[in-house]
Amino acid sequence: AELDTLDLVVLAAILFGTVAYFTKGKLWGVTKDPYASSLANASSAKAGKTRNIVEKMEEQGKNCIIFYGSQTGTAEDYASRLAKEGKSRFGLETMVADLEEYDFDNLDTIPDDKVVFFVLATYGEGEPTDNAVDFYEFITNEDVNFTEGNEPALGNLNYVTFGLGNNTYEHYNSMVRNVDKALQKLGAHRIGDAGEGDDGAGTMEEDFLAWKEPMWKALAERMGLEEREAVYEPVFSIVEREGLTKESPEVYLGEPNKMHLDGTAKGPFNAHNPYIAPIAQSYELFSVKDRNCLHMDIDISGSNLNYQTGDHIAVWPTNPGEEVDRFMNVLGLSEKRHTVVSVKALEPTAKVPFPTPTTYDAIVRYHMEICAPVSRQFLAQLAAFAPDAEARAEMTKLGAEKDYFYEKISLHHLNIARVLEIVGKGQKWTNIPFSAFIEGITKLQPRYYSISSSSLEQPKKISITAVVESTQLPGRDDPFRGVATNYLLALKQKQNGEPEPCPFGLSYELTGPRNKYDGIHVPVHVRHSNFKLPSDPSKPIICIGPGTGVAPMRGFIRERVQQVKNGEKVGKTLLFFGCRKSTEDFMYKNEWEEAKEILGDNFELITAFSREGPKKVYVQHRLKERAEEINQLLEQKAYFYVCGDAANMAREVNTVLSQIISEQRGIPEAKAEEIVKNMRSSNQYQDVW
Ligand code: FAD
């Protein structure tokens, strides 16, 4: 849908009218800020909120709820996009809702002139995302109970559903599949297909785009909706706060919440409230110049955080200065980067994804995934705001043609600012309302790392083992660089006083907002996982951890060393480790030797160096060579762990294990596969990331 110039003028007028309206009179109280977003103090905002979705819909005059179950933000992002599209194209009164924030026992009272969407990511081993656990348990419960006791229970419910999954995992899209099944069983009516996006094949976005068109058609038919010319309506107003500067104490400069702003940060530390942890030490694990792998010890002794061996730590990154500058520059915001703004939702059910008042600089640096892949749909939407007709035509083409988009954008890993620079040929895109970015770009996500230390050995120090993401791509002078790992690299370089203060010309605001992270700190929280050693340490374990997949295995082995030191009897421990060359990326080489000294014959390291011999050797080949021993250990109920590179290695290891069982036990492959499946469901076989 395109806007013509007149629309634009009208839109701009509305937008600036809104701004003028909100800023009129400058009645800004210092203590009570009417435009500070609810996120600033999430707990008090939560207190008075209803958990009754039907009540909420009525109160807000909504007829379309879009629930999301999201872990990394993508499902949430898709939910927002569906909400916007439903509103602008079909006039639906949409609202986005976090599954965690509502109860479901009155789903049966939602009238049939309304529709409920479920956008559901599957996490890890077919699990619901953290925010969807309660909903999932409720809806798939055999004895599910609704308030009204209708028959069939959900006979009035119209629903739409899309799943986000990864086909390299065994339980591909199991969330959407199981929820869909449960809803069908309860008599609910699905509109359109139960969509499935595949991150493993890298087609998530295209799967989503291909699914939603027929879905909208079916929905329009079912609900008698008429499609109209879509007009962009901003969801947020951005109000410039003349009375405030970035020095004003109530202005957020990247602080994640009110406690951090006030300097009273305390636990519980979690996905809404990171702990600003000192990095005790950091060093390089590789001995080659062109690749980096970091070891970091993060000190959590000043917090009430705790962890268990096998858990994950989340790192809250900041964007590199150069990309922040690029973004500001292409939008013509460079001069205004430190201007203080309040962001307010123009519609009561939308949430401002960061605390305000804040500055453009802080929003872009600390809260938006400005380096992430861009969506085709977003480019199509931005076409209306292009600086000239040529750029508008190009954005429309990129938005419409899948293959063209792939060749021009995806292949080179371009981020949004780079796309705008190229398409606009250097012109500034000053027409785009800033709200469009808040809506269209995911909020900056913490990155997870498998903890590589043992909580028995060091309960208050968490180790990370992270390979720095850096890829040379065609058609780009500079390599593509991952956000969090290059931020960590910069911290390591600073901590060790290395000559280059920032990696590859990327400069990070390492001292954080108001220098609160100075002295080498990083914001973190801990996520508990099911990746755990057997409770009986005398059980044998087999660990497959090539590359950084060795991270949680290091934790396991250090745990076992500590157990022996504590006088416990520890079972056989095999570690299959692979890398390119013994002289380049053989991580923790000395530590394995030390472990051997304590664990003796009970520990064996089996290595696969892929680039040393005439033929490439990987961990799965080594596993096969040990078929007899592996089978014996499994018969003694050995636990089997796999980590790293789910796409290829983990899948092949799974296959090899079935082959081993089949050959060694003289049983058909299908039977062996069944055994491996059962090992997985009983947690005897665990794989992670
Ligand atoms: P990002 O900036 O997030 O980029 C990551 C990838 O996304 C890129 O390689 C690219 O494929 C894609 N991408 C990003 N931007 C674009 C773009 N503009 N266009 C196209 N593609 C793009 N990693 C470890 O090293 N060690 C661990 O122990 C570890 N444990 C993990 C445990 C769990 C449970 C999970 C979920 C992940 C784990 N990871 C681990 C991976 C880690 O979380 C990060 O994904 C990884 O470090 C990369 O983060 P980054 O911010 O540097 O890269």
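The values are calculated or read from the model by the stated rules, or taken from the named source; none is laboratory data. On a predicted model such as this, the values are computed, not experimentally measured, just so you know. So basically every Cβ, Gly included, is an ideal-geometry build from the backbone, and we count neighbours across all protein chains shown. Heavy atoms of the whole protein, side chains included, go into the accessibility calculation; ligands, DNA and RNA do not. Shrake-Rupley method; radii C 1.70, N 1.55, O 1.52, S 1.80 Å.
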Please specify each residue of segment 476-500 satisfying the condition of being open to solvent by 20 Å² or more (accessible area, probe 1.4 Å), closer than 23 Å to Arg418 by Cβ and either more than 13 Å from the ligand (Cβ to nearest atom) or in a loop (DSSP other than H, G, I, E, B) (or both). Arg476, Asp477, Asp478, Pro479
Report whether or not Ile370 is open to solvent by 40 Å² or more (accessible area, probe 1.4 Å) and not polar (S, T, N, Q). no
Tell me, yes or no, whether segment 397-414 has at least one residue that is in contact (Cβ under 8 Å) with a residue 24 or more places away in the chain, in contact with a strand residue (DSSP E or B) (Cβ under 6 Å, 6 or more places away or on another chain) and within 20 Å of Glu322 (Cβ to Cβ). yes
I want to confirm something. Restricting to segment 355-367 and keeping residues that are β-branched (Val, Ile, Thr) and away from the ligand (no atom under 16 Å from the Cβ), which single residue is surrounded by the most Cβ atoms within 10 Å (Cβ to Cβ)? Thr358
State which residue is surrounded by the fewest Cβ atoms within 10 Å (Cβ to Cβ) when the search covers only segment 259-287 and only residues that are closer than 17 Å to Pro357 by Cα and touching a strand residue (DSSP E or B) at 6+ places or on another chain (Cβ under 9 Å). Met259
Within segment 120-134, is there a residue that is buried (at least 21 other Cβ atoms within 10 Å of the Cβ) and of a type in the set (Val, Ile, Thr)? yes
Just to confirm my filter: which strands (runs of 3 or more DSSP E) fall fully inside segment 539-657 and include at least 3 residues that are open to solvent by less than 10 Å² (accessible area, probe 1.4 Å) and either under 17 Å from Val676 (Cβ atoms) or out of contact with any strand residue (DSSP E or B) (no Cβ under 8 Å at 6 or more places or on another chain) (or both)? 541-544, 639-643
Please go through (1) touching a helix residue (DSSP H, G or I) at 6+ places or on another chain (Cβ under 9 Å); (2) modelled with pLDDT under 95; (3) not β-branched (Val, Ile, Thr) for Tyr78 and return the number of the only condition it doesn't satisfy. (2)
Find the residue count for segment 434-475, including only residues that are in a strand (DSSP E or B), more than 10 Å from the ligand (Cβ to nearest atom) and either open to solvent by 60 Å² or more (accessible area, probe 1.4 Å) or closer than 26 Å to Ala79 by Cα (or both). 2
